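Comments concern the structure below.
The values are calculated or read from the model by the stated rules, or taken from the named source; none is laboratory data. The structure displayed is predicted, hence computed values, not measured ones. Glycine gets a Cβ as well: all are built from the backbone with ideal geometry, and neighbour counts include every protein chain shown.
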Amino acid sequence: MPEAVVCVKPIPDPKHWDRLSLDPKTGVLRREGIPTVINPLDKHALEVALQLKDNFGWEVTVVSMAPPETTQTLKEALAMGADRAYLASDRLLAGADTLATAYTLAGLIKKKAPNFQMVLCGNMSLDGSTSQVAPQIAHYLGVPHITHVSKVETEDGSKFRVTMDLKLAQLVLEHQGPMVLAVTKEVNLPRLVNIMGILAAESKPLEVLSAADLELDPSRIGQEGSPTRVRNLFMPEIKRRREILKGEPEEVAEELVNRLHQAGML
Amino acid sequence: MDFRLSEREELLRKSIAEFAQREVAPLVEEMEKTGEFPRPLIKKMGDIGLLGLVTSPQYGGNGMGFLARAIAIEEISKVSAAVGIALQVHHMACWPIETWGTEEQKKKYLPRLAKGETLGVCSITEPSGGSDVFGMQTTAREEGDYWVINGRKCFATNSHVSDIMVIVARTGEDAKGRPAFSAFIVESSFEGFSLGREENKMGFRGAFSGELVFQDCKVPKENLLGKVGEGLKIALATVNRVGRPGMASIGVGLCYASLEEAAKFARERVLYGKPISNLQAIQFLLADIYALAEAARLLNYRANWMMDQGLPCDTEMTLAKYVATENAFQCARMACDIHGGYSCILEYPVQRYLRDAWVSIPSGGTSQVAKVVLGRHAVKNF
């Protein structure tokens, strides 16, 4: 059966981002006590794969690179309906930038799902927002990629019509053969996990792999293998601008409308 | 002693919370206005597995058990206690059928209940009272291939959205001359069955509570649940082991709903130039809500865990129900205090929590009835 691979990133739950803070000394994000969830767009990616499973009998494999305590998020993906999950987890992988992450995930896919027909990712992660990993994975796998995917259509499960949403225009592409898709939230509404799925997930394989297991080039993984460095991380200061308009009510109202127009708010 | 929930239970909590936000939250306003249960939700609850929590897989359920049920009802009730009680009473119909039913009864009714073809009803209370079970007036007499039932049940949750009901009726006297009762599975299509009035309640709005009317209602003999004379045992066990922990779980859900709303409001509401959460008077209220919520949850989880282990737990279930529903009312009251005048505005949910908590107290037996049970236990055991 054809296989879809879904890349899943565990991130701090956006509902609790008001509790995130930065360590002023190290510049590292403090995320203690904040639950980890699947990056929301990755659930849309998983839903695309699960529909291929429902309609055309595809197999669905989930892959991730994260600390070992995040296996629960992969269990959730299995409970949604994925068949198996692989987690690349190793201290040597920590601190990876997008390129090192993509290299690792591509290595994992080559090792565990070499015959994939489609790799699906969220268009971006809510915590990193780079949108770089999916195209970089495609590069390492040597297959084409389409980002900003808002629609995936197929009649036979082999030839695909994919809509790329460029905001000002939509590009409709047709493709047959292995590819990487990065999807937006418009692509579907992810299914909810049901209780039968939770129980079924317990007997599905979830394997944790080290860098050695994946036979990766040590010079291309983790912080050491990352060509980019975060120079500074800071919380943006948001200040309100306050201005008091004076004059007759009609003049003030007109001026206010003008100002709002200029600010592009009307 | 390990107080951690398993990975499975944590995932269940998360999934049901998402279901409640996506499928239940948008319905609450309409339920409050109309008092009507949103019928399409029944199938959705079946699809996600909520209706089959205490039903074995061979009868179409998932059999995840009572602790899982407590977590699920808690999460649903954080969003809508009305849906919480509809769900919990549904389980009160499933459990006695699985526990005392014949193989034919289990195969006939449990898959339909688990799937969400209908919600179940378990009804004991009559206009003469609920806790005074010997005062029950509804009778059933044998006539040919049928039991013929006459009487009236009231305050039956899910009354107007159910096709399958477990009820108890008087079927004679025991050897000592005391009234004897038997349990029956009644379908809404049976001749002589009709629906009576629908109550207009102050809380649990959107969950039907109504009358079931039996006028020479013909129930096939094979629909006797358990043996003749076992009705009281079935009724009391169902109330103790399913009904009370169900109400306790609703109470816990209301405690945490109050805590979350109160904490959020306190962080956002600015008075004297600062959020009111900076004021000790408000922090003390939040501390009390938090303490009451945690105490209720721990008692409820312990009782349900005991049930899953097959341990005797009637007293623990009663204790959890008493504490959780009373705490829910106190938590909602304090959440309203924190909201000040806003607690009187229907847009703010804390007033709903207060009304729902109030109705949860007499549901499944008043606090005074619970205290009779607990008092007797205390006198005997301490």
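Quick check: is even one residue across the range A:231-238 in a helix (DSSP H, G or I), more than 14 Å from chain B (Cβ to nearest Cβ), under 31 Å from the mean Cα position of the chain (by Cα) and touching a residue at least 24 places away in the same chain (Cβ under 8 Å)? No, the range A:231-238 has no match at all. For the range A:130-152, the count of residues that are of a type in the set (K, R) and over 24 Å from A:Q176 (Cβ atoms) is zero. In this structure, does B:A335 turn out to be in contact (Cβ under 8 Å) with a residue 24 or more places away in the chain and not basic (K, R)? So B:A335 passes the test. A single member of A:I146, A:I221, A:I137, A:I195 is within 30 Å of B:R69 (Cα to Cα) and either among the β-branched types (V, I, T) or in contact with a Pro (Cβ under 7 Å, 6 or more places away or on another chain) (or both), and it is A:I195. Just one of the numbered conditions (1) out of contact with any Phe, Trp or Tyr (no Cβ under 9 Å at 6 or more places or on another chain); (2) under 22 Å from B:N304 (Cβ atoms); (3) not small (G, A, S) is not true of B:D47; which one? Going through (1) out of contact with any Phe, Trp or Tyr (no Cβ under 9 Å at 6 or more places or on another chain); (2) under 22 Å from B:N304 (Cβ atoms); (3) not small (G, A, S) one by one, B:D47 breaks only (2).
Of the residues B:S194, B:S131, the single one that is hydroxyl-bearing (S, T, Y), free of Cβ contacts under 8 Å to residues at least 60 places away in the same chain and not assigned by TED's automatic domain parsing to the domain that holds B:K106 is B:S194. Any residue that is within 14 Å of B:V252 (Cβ to Cβ) and either surrounded by 24 or more Cβ atoms within 10 Å (Cβ to Cβ) or at pLDDT 95 or above (or both) - is there at least one of those in the range B:337-344? No. Out of B:A81, B:A93, B:A68, one residue alone is buried (at least 24 other Cβ atoms within 10 Å of the Cβ), under 20 Å from B:T238 (Cβ atoms), of a type in the set (A, V, I, L, M) and away from chain A (no Cβ under 14 Å). It is B:A93. Scanning the range B:27-44 for residues that are without any contact (Cβ under 8 Å) to a residue 60 or more places away in the chain and either within 14 Å of chain A (Cβ to nearest Cβ) or over 24 Å from B:M202 (Cα atoms) (or both) yields one hit, B:L41. If you go through the range A:182-197 and pick out every residue that is in contact with a helix residue (DSSP H, G or I) (Cβ under 7 Å, 6 or more places away or on another chain), within 14 Å of chain B (Cβ to nearest Cβ), outside any helix (DSSP H, G or I) and hydrophobic (A, V, I, L, M, F, W, C), you end up with 2.
Listed here are the residues, each with its yes/no results for (1) part of a helix (DSSP H, G or I); (2) crowded, with 22+ Cβ neighbours inside 10 Å; (3) in contact (Cβ under 8 Å) with a residue 24 or more places away in the chain.
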{"site": "A:K25", "(1), (2), (3)": "no, no, no"}
{"site": "A:V62", "(1), (2), (3)": "no, yes, yes"}
{"site": "A:Q72", "(1), (2), (3)": "yes, no, yes"}
{"site": "A:L78", "(1), (2), (3)": "yes, yes, yes"}
{"site": "A:L92", "(1), (2), (3)": "yes, no, yes"}
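Screening B:E10, B:E75, B:E18 for residues that are more than 11 Å from chain A (Cβ to nearest Cβ), out of contact with any His (no Cβ under 9 Å at 6 or more places or on another chain), within 21 Å of A:K75 (Cβ to Cβ) and not β-branched (V, I, T) leaves exactly one candidate, B:E75.
Got at least one residue in the range A:96-115 being at pLDDT below 95, touching a Gly at 6+ places or on another chain (Cβ under 7 Å) and part of a loop (DSSP other than H, G, I, E, B)? Taking every residue of the range A:96-115 in turn, at least one turns out to be at pLDDT below 95, touching a Gly at 6+ places or on another chain (Cβ under 7 Å) and part of a loop (DSSP other than H, G, I, E, B).
Every listed requirement among (1) acidic (D, E); (2) under 17 Å from the mean Cα position of the chain (by Cα); (3) under 17 Å from A:A49 (Cβ atoms) is met by A:D127 save one, (3). Return yes or no: is A:G57 modelled with pLDDT of 95 or more, surrounded by fewer than 16 Cβ atoms within 10 Å (Cβ to Cβ) and on the phi > 0 side of the Ramachandran plot? Answer is yes for this residue. Of the residues that make up the range B:45-58, is at least one in contact with a strand residue (DSSP E or B) (Cβ under 8 Å, 6 or more places away or on another chain), within 14 Å of chain A (Cβ to nearest Cβ) and touching a residue at least 40 places away in the same chain (Cβ under 8 Å)? Yes, because at least one residue in the range B:45-58 is in contact with a strand residue (DSSP E or B) (Cβ under 8 Å, 6 or more places away or on another chain), within 14 Å of chain A (Cβ to nearest Cβ) and touching a residue at least 40 places away in the same chain (Cβ under 8 Å). Filtering the range B:204-248 to residues that are under 30 Å from B:L27 (Cβ atoms), surrounded by fewer than 23 Cβ atoms within 10 Å (Cβ to Cβ) and hydrophobic (A, V, I, L, M, F, W, C) leaves only B:V213. Does B:G120 satisfy the condition of being in contact with a His (Cβ under 8 Å, 6 or more places away or on another chain) and over 17 Å from A:V193 (Cα atoms)? Here the answer is yes, as B:G120 does meet what is asked. Those helices (runs of 4 or more DSSP H) of the range B:264-382 in which 2 or more residues are outside the structural domain of B:F208 (by TED's automatic domain parsing) and more than 26 Å from B:K201 (Cα to Cα) occupy B:280-309, B:314-339, B:367-381.
Answer yes or no: is there a residue in the range A:140-152 that is part of a strand (DSSP E or B), closer than 30 Å to B:R13 by Cβ and away from chain B (no Cβ under 14 Å). The answer is no, given that none of the residues of the range A:140-152 is part of a strand (DSSP E or B), closer than 30 Å to B:R13 by Cβ and away from chain B (no Cβ under 14 Å).
Of the strands (runs of 3 or more DSSP E) lying entirely inside the range B:93-211, those containing at least 1 residues that are of a type in the set (D, E, K, R) are B:139-143, B:146-157, B:162-173, B:179-187, B:193-198.
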